[in-house]
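Asks: One structure, pasted below without further comment.
The values are calculated or read from the model by the stated rules, or taken from the named source; none is laboratory data. Worth saying up front: this structure is predicted, and the values here are computed from it rather than measured. Cβ placement follows ideal geometry from the backbone for every residue including glycine, while neighbour counts extend to all protein chains displayed. Just the protein is used for accessible areas: all its heavy atoms, side chains included, with ligands, DNA and RNA removed. Shrake-Rupley method; radii C 1.70, N 1.55, O 1.52, S 1.80 Å.
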Amino acid sequence: MTDPMVERIQRNPKYQQLKSTRNRYGWTLAIMMLVIYYGYIALIAFDKEFLAKPMGAGVTTIGIPIGMAVIIFSIVITGLYVRRANGEFDARTREIIEDATQ
């Protein structure tokens with residue numbers, strides 16, 4: 001027992017393209033985040049001396065701004081995904097629903 005509306009939506013080529021585009025974009029951002037995060041963790045594990053180098057005459061080490069960059073990167077890519085989802089993906093979804101209800 002499947003809803004006929006769901007079947008119409010799933011057969012729509014616009015839906016297939018939206019699903020493909022959204023999945024590819026999401027996986028791309030996820031892989032980028034994993035590379036950045038695990039790269040930082042690997043740096044902590046294998047090159048502690050590099051991260052422990054002080055910046056200038058103070059007590060701040062190189063690891064602090066790199067760690068902050070990882071956090072900022074995650075916020076930025078989340079913002080990119082939300083912006084595209086609220087704009088392009090939502091507009092395409094509305095088109096697909098309109099096509100299915102006609």
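Asks: Give me a count of the residues in the stretch 29-58 that are open to solvent by 90 Å² or more (accessible area, probe 1.4 Å), in contact with a helix residue (DSSP H, G or I) (Cβ under 8 Å, 6 or more places away or on another chain) and closer than 30 Å to L80 by Cα.
Replies: 1
Asks: Taking the residues in the stretch 1-28 that are among the basic types (K, R) and farther than 18 Å from A85 by Cα as candidates, determine which candidate is most open to solvent (accessible area, probe 1.4 Å).
Replies: R11
Asks: Which residue pairs have Cβ atoms under 9 Å apart, sit 6 or more places apart or on different chains, and have a first residue in the stretch 2-16 that is more than 15 Å from Q102 (Cα to Cα) and in a helix (DSSP H, G or I) and a second that is open to solvent by 90 Å² or more (accessible area, probe 1.4 Å) and not charged (D, E, K, R)?
Replies: Note: pairs meeting the criteria are Q16/Q10.
Asks: Out of the residues in the stretch 59-101 that are surrounded by 15 or more Cβ atoms within 10 Å (Cβ to Cβ), among the polar types (S, T, N, Q) and assigned to a helix (DSSP H, G or I), state the one that is modelled with the lowest pLDDT.
Replies: Looking at the filtered set, the residue picked out is T93.
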